[in-house]
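> A single structure is presented below for examination.
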Amino acid sequence: MDIPHSLARDISPPRMSKPRKTSESVIPDRKRKRSCPLTSVEPTLAAIEAGKAKIEDHLAYFKEHLSKASKVTSADAPRLSIEQFADLYQKNQHDHGHHFVVHQHNHPRAGVHYDLRLQFSASSTMSFAIPKGLLGNPNSKSIGRMAIETRVHNLWVSHFLLIFKDDKLRVCQILCVSHPQNNLIESASHKTGSLLIWDTGTYNILPRSINKPLSPQTTDEEDSNSASKSKSNTTPENSKLISAFQSHHIRLRLHGTLLPKNYTITLRLPSTNYLQRPNPPLQKPRRPKSTRTLKLKRPPANESSTDSDSDSDFDPSDSTPPPAPPEQDSVDIDTDTDVDTDVDTDTDETTQTHLTNAYPGATNSIGSMHQRHWFLAFDRRSSGFTQRGKKGVWVKDNDKEGEGGFDAFLVRGREYERSVVTGRLAAEVESDEGVE
C-alpha cells in the first residue's frame, strides 16, 4: 500500500529563536538604591529610638545631643553635668557595673509612670515600672507602692541584624539596630512618648535584715555573722543584686543626684506572684447590669463578724493585688484603683523578645518574668529616721552623725520635675523632638 502524498512531504523545522544576550543583566537604578539603605547622614534621635539607625559611638552622640538641649536652671536645682553623666556611665561599663537610672516616662497609652532600671551585668538591666514614683515622706499614710516587673533592658549595646531577601535581584540588606530602652536615652516620639532622666547614679544592696548592735560578750554565732558580713563586703554589688532578686527581697540604697543621701527602699515579691502573671487586657470588660436583686442572708445577731468577712469585697478580677503583710514596720500599700497596672509599653515586641523576656542586646540570665507585681516600701530606718513620741512620728535620727534622715519630698509629676542632666521638663523634651 502506497503512503499518501500528504504524509510523505517534508515538515518544515521550527523557527530559530533569537540568540539570548550573554552579558550580565543590569539592575535598574531604582532597585539598586534599595540595596544600600545606609547613608552618611547623621541619624535622628527618633530613628535611633525606633532601632532603625546605627550609632558608632553612642556615648559621644548622646553627650553632644544632650549638651545642645541643656537648659539653664536655678543654682539650687539638682543637676549632673554632661561630663559627670558620661563619666558615671563609663565607670560602669564592665561585668560588675552597678548603674541605675529612673526615667519619667509619659507613654501615650500607659500614661505617666517611673521606670527604675538596675544594671546587673555588662549589658543588661532589670526594670520595674512604678506608676506613682518613689516615696519620700516618712510619715505618709501610704509608704508602700506597687512596682511592676518589666522586660530586661539593655544598658546600651549596638548590634547588627543581617537580613537576606532571596528574590530575582538577590538583594542583601543590612539592618543596623541599637535598641532604645537603655540608661542613656532622653527623648520623645509619637509612639513611645517622652523619656526624661529623673535621676541616675549607682546603687548598693544592703543585707536583708538590719543588724542589731553587738553585746560586749560575742558568741561564736556572732563571730560567724561578722565573718559572713566581711565576705559580703567583697562581693560585687551586681552579684548581691542578682542574689537578692532571686530571693524575692531587695533592700536597695540609691546614690543619685536628685534623691537624698542614704535613700533606701525595699522590693518584695509576694508568694502569690512568684509565677508569671498573664498580661491583663487593655480595658476591663464591664459587667452587665443585673435586672434582679440578690437577697443576702444576714448573720445571726449573736454571731460576731470574723476576719474573713473583711475579705468578702475582694474582686479576683481586679488587677490590683491585695496588700502585702508588713515585714518590719506597719506598712500601708497604696492600691489606688485609678492606677493602670498595665504598663507594658512595648506594642511591637518580637517573638524572641516575648520568649526570652529580654530586649535585643540584653540577656535574661536572672529569671526575670514579665508583669510580676512587687511591693516597694520606703525603708525609713535605713534612710536615717527613727520613731519618737507617743504617736510614733518618724523624725531624723540625730544620733547618726551625717546620716540622720532628710527633708521629705514628693513626686510632683511632669509639669514640675526637670531632668537632672539637661534641666528640661517633659514638655520641653517633646518640643525639642518635634512631638506635639
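> Search the structure for amide H atoms under 5 Å from the amide H of ALA358, placed 1.01 Å from N in the peptide plane, and list their residues when 5 or more places away or on another chain.
VAL152
> Please go through the residue pairs LYS63/LYS261; LYS141/LYS391; LYS141/LYS396; LYS63/LYS240; LYS141/LYS390 and name each one whose alpha carbons sit more than 21 Å apart in this structure.
The answer is LYS63/LYS261; LYS63/LYS240.
> If you don't mind, there's one more thing I want to ask. Show me, for the stretch 355-366, the HN-Hα J-couplings you get by feeding each phi into the Karplus relation (A = 6.51, B = -1.76, C = 1.60, θ = phi - 60°), rounded to Hz, glycine and proline as x.
6, 8, 6, 8, 6, x, x, 10, 10, 8, 9, 10
> Got a sec to turn the phi values of the stretch 95-105 into Karplus ³J(HN,Hα) couplings, 6.51 cos²θ - 1.76 cosθ + 1.60 with θ = phi - 60°, whole Hz, x for Gly and Pro?
With coefficients 6.51, -1.76 and 1.60, one gets 5, 10, x, 9, 8, 9, 8, 10, 9, 8, 10 Hz.
> Another question about this same structure. Assuming a ≥ b ≥ c are the square roots of the Cα gyration tensor eigenvalues, decide whether the stretch 342-436 counts as rounded (a/c under 1.5), prolate (otherwise, with a/b larger than b/c) or oblate.
Taking the square roots of the gyration eigenvalues as a ≥ b ≥ c, the stretch 342-436 is oblate.
> Hey, with R₀ at 25 Å, roughly what FRET efficiency would SER70 and TYR416 work out to, going by the Cβ-Cβ distance, to 0.05?
The calculated FRET efficiency here is 0.85.
All of the numbers you see were taken from the coordinates with simple rules; none came from a lab. Since the model is a prediction, treat every value here as computed from it, not as a measurement. Because the Cβ atoms are built from the backbone with ideal geometry, glycine has one as well, and the counts that use them run over all protein chains shown.
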